[in-house]
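Please treat every number below as a calculation from the coordinates, not as lab data. Since the structure is predicted, the reported quantities are computational estimates derived from the model, not experimental observations. No Cβ is skipped: glycine too gets one built from the backbone with ideal geometry, and neighbour counts run over all protein chains shown.
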Amino acid sequence: MLPKKNRIISKDFRKLKFFKRSAFSGRLSIKMKEGNPNNPSKFGFVVSNKISKKATDRNALKRKLRAIAWGMLPSVGRGKEIIVFVKSPFTKPYDYIEIRDELEHGIANLNIVDVKKNNH
């Protein structure tokens with residue numbers, strides 16, 4: 001599970017206009033900004049009602065995204081704030097490998113990590 005120190009809280013979502021870099025990966029849109037390199041990197045996830053009307057489905061998808069992000073933290077480095085928007089639905093039940101591939105591809109598009117070095 002992604003520790004609280006590595007999560008973007010609701011007040012930080014209001015600062016979205018300050019996120020400078022963005023990348024797209026199939027069903028995901030990812031925004032990132034460089035923060036203080038002394039702080040840990042943080043992730044935030046947005047899954048709208050358009051993806052699923054059921055809160056349980058949206059929360060299940062966010063839990064899987066957090067678990068994947070937790071595994072990527074060492075390779076992302078420090079001081080980055082990353083917000084992931086789910087733009088179109090994944091197949092149900094949400095396939096961990098499918099979601100991981102999409103997120104890794106999007107993070108690689110930001111040129112902040114070489115996901116090929118991750119041994120998943």
- [ ] Starting from the Cα of Tyr96, step 7 Å along the direction of its Cβ; do the same at Lys54; then give the gap between the two resulting points in nm.
- [x] 2.0 nm
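So, by mean Cβ neighbours within 10 angstrom, what's the order for 29-38, 50-59, 83-92, 99-108 with the highest one leading? Don't skip to the answer; put the middle values down first.
Numbers: 29-38: 14.6, 50-59: 13.0, 83-92: 16.5, 99-108: 20.3.
Those peptides, ordered most packed to least, come out 99-108, 83-92, 29-38, 50-59.
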Task: Nearest-ten-degree value, helix 96-109 long axis tilted from longest Cα axis of the chain - done: 40 degrees
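Between their Cα atoms, which of Lys53/Lys80; Lys15/Lys92; Lys15/Lys87; Lys33/Lys54; Lys54/Lys80; Lys15/Lys50 are more than 29 Å away from each other?
Numbers: Lys53/Lys80 31 Å; Lys15/Lys92 32 Å; Lys15/Lys87 20 Å; Lys33/Lys54 31 Å; Lys54/Lys80 31 Å; Lys15/Lys50 23 Å.
Beyond 29 Å: Lys53/Lys80; Lys15/Lys92; Lys33/Lys54; Lys54/Lys80.
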TODO: For every helix of n ≥ 4 consecutive DSSP H residues, a contribution of -39,500 (n - 2.57) applies; sum these over the chain, divide by its total residues, and give [θ] at 222 nm rounded to the nearest 500 deg cm²/dmol.
DONE: -10500 deg cm²/dmol
